[in-house]
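The values are calculated or read from the model by the stated rules, or taken from the named source; none is laboratory data. Please read all numbers here as calculations on a predicted model, not as lab measurements. Because the Cβ atoms are built from the backbone with ideal geometry, glycine has one as well, and the counts that use them run over all protein chains shown. Ligands, DNA and RNA are stripped out before the accessible areas are found, and what is left, the full protein with its side chains, is counted by its heavy atoms. Shrake-Rupley method; radii C 1.70, N 1.55, O 1.52, S 1.80 Å.
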Amino acid sequence: MNLLVTGGAGFIGSNFIFYERKHHPEDRIVCLDALTYAGNLSTLASVLDQPGFRFVKMDIRDREAVFALFEEEKFDIVVNFAAESHVDRSIENPGIFLETNILGTANLMDASRKYGVGRFHQVSTDEVYGDLPLDRPDLFFTEETPIHTSSPYSSSKAAADLLALAYYRTFGLPVSVSRCSNNYGPYQFPEKLIPLMIANALADKPLPVYGTGENVRDWLYVEDHCKAVDLIMRNGRVGEVYNIGGHNEMANINIVKIILKELGKPESLITFVADRKGHDMRYAIDPSKIHAELGWLPETMFADGIKKTIRWYLDNQEWWKTIVSGEYQQYYEKMYGNR
Ligand code: NAD
Ligand code: TYD
């Protein structure tokens, strides 16, 4: 099997490559990544020189280059992780989200059609469903929940997700789509909640909690997401959407307190800052379909996963301290300087 993993130098894509190498060493993997601020080749150091692995620095917006690669490689499966992925950045600059997340995905699917790819898996997000109210804990997102997005990020992901389903219906491209909840784990860029709070706590810097900190996310350890994507792309039905999530809802403020406690830092570091514009209240996934059809269940409990994650950030300070230099410093000043 010849597999294309786009966005494999980012957080989930790299963890997915490690998962595939471990569980399907017989498969060849080509990783395509533009190495934006969020992509880091050093993350892939342990696999870069392995036989059966190829890294290609390429932008999915570059249609000609994408087509040339597909012609050369004759992929069996394409898994599309490549995306602009941060909601706050999409509020600052929506344009790049439309280009990469929508047009880039269209390029990959057009090439998949032309070169007869056997499965195109689109990694979507639970954010396409919008949010749920805090006072209705009985409500969950199912695959039938209407798409109702809030941010330029989620809107661009919804466009790509629906386009993938349209390519199945219109052209018969063998597509599957997964909509996962918030991931955490090793190699997540420290602009996202959990690694940002770990990094700030370690530096005794203020921990910027948006609004009141009551917003709820449904957290899943990244390896569990990777396992689900692997099952869907190999055994899931084409033309179908699968929700992925582990019934692990937590308010942001509680996550921040857990991190402080684990690191032995005082809660006085918590600083409430101006809320995110259009901030989604609650995400909560009903994963019954993937459980019933593919037998998937999350394996890592949050209590263990968060400890492992904090340990990883403690043991790999060089990785994140290097990547948070440069562009990220300017971003941090802009986003949090006067908030
Ligand atoms: P990330 O930002 O860590 O990684 C994205 C990767 O894509 C980076 O390596 C980047 O260099 C690459 N990339 C960006 N633009 C590109 C382009 N134009 N061409 C080629 N490569 C490009 O993101 P992540 O958190 O690993 O998310 C991966 C995917 O999973 C995204 O599609 C995201 O929408 C989805 N997702 C993420 C979460 C989450 O909690 N992080 C949850 C559900 C779904
Ligand atoms: P984030 O990790 O950006 O993921 P998403 O917005 O895709 O869910 O944020 C998770 C939650 O944490 C979200 O409710 C926003 C909040 N948040 C903060 O309170 N402070 C921060 O500095 C960041 C980055 C996020």
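Structural remarks
- Given their separation in residues at 0.36 nm each and the Cα-Cα distance between them, Lys261 and Asp49 gain 72.4 nm when the chain is fully extended.
- By accessible area with a 1.4 Å probe, ligands and nucleic acids excluded, highest first: order of Glu318, Glu84: Glu318, Glu84
- Whole-Å distance, taken between Cα centres, linking the range 47-66 and the range 108-134: 20
- The range 1-156: relative contact order as a whole-number percent, Cα under 8 Å and 6+ apart: 23
- When a 1.4 Å probe is rolled over the protein heavy atoms, the share of accessible surface on the chain that falls to carbon and sulfur comes to 52 percent.
- Between the helical axis of 252-263 and the longest alpha-carbon principal axis of the chain there is an angle of about 80 degrees.
- Counting Lys and Arg as +1 and Asp and Glu as -1 over every other residue whose Cβ lies under 10 Å from the Cβ of Gly246, the net charge comes to -4.
- Distance between the modelled labels on Lys205 and Leu41, one decimal in nanometres: 2.7 nm (7 Å Cα→Cβ projection).
- In this rough spin-label picture, where each label sits 7 Å from Cα along the Cβ direction, the Lys277-Ala65 distance is 3.1 nm.
- Among beta bridges from DSSP that stay inside the chain, the antiparallel ones total about 10%.
- Within the same chain, lysines fewer than 8 places from Lys114 are excluded, and of the rest, those with a Cα less than 30 Å from its Cα are Lys57, Lys74, Lys157, Lys227.
- Residues whose placed amide H lies under 5 Å from that of Tyr242, excluding near-sequence neighbours: Val177, Ser178, Arg179
- 9 Å beta-carbon shell around Asn2, net charge (K/R +1, D/E -1): -1
- Estimated FRET transfer efficiency (Arg311, Lys114; beta-carbon r; R0 45 Å; 0.05): 0.50
- 0 to 90° range, to nearest 10: angle between helix 152-171 axis and the chain longest Cα axis: 20
- Within the range 270-339, the percentage of alpha carbon pairs spaced more than 17 angstrom apart rounds to 72%.
- Summarising the overall dimensions of the range 91-130 from its C-alpha atoms, the Rg and Dmax are 12.7, 38 angstrom.
- Selection of trypsin sites (Lys or Arg not before Pro), the range 122-220, meeting DSSP coil and at most 12 other Cβ within 10 Å: none
- Among Leu103, Val47, Gly10 the positive-end extreme of the charge dipole of the range 3-140 (Cβ point charges): Val47
- Along each principal axis, Cα extent of the chain, largest first, Å: 57, 44, 37
- Contact order relative to length of the chain, as percent, for alpha carbon pairs under 8 angstrom and 6 or more apart: 18
- Taking the C-alpha atoms of the range 1-93, convex hull volume expressed per residue in Å³: 93
- What the chain shows is 41 Å² of accessible area per residue, with the surface traced by a 1.4 Å probe over protein heavy atoms.
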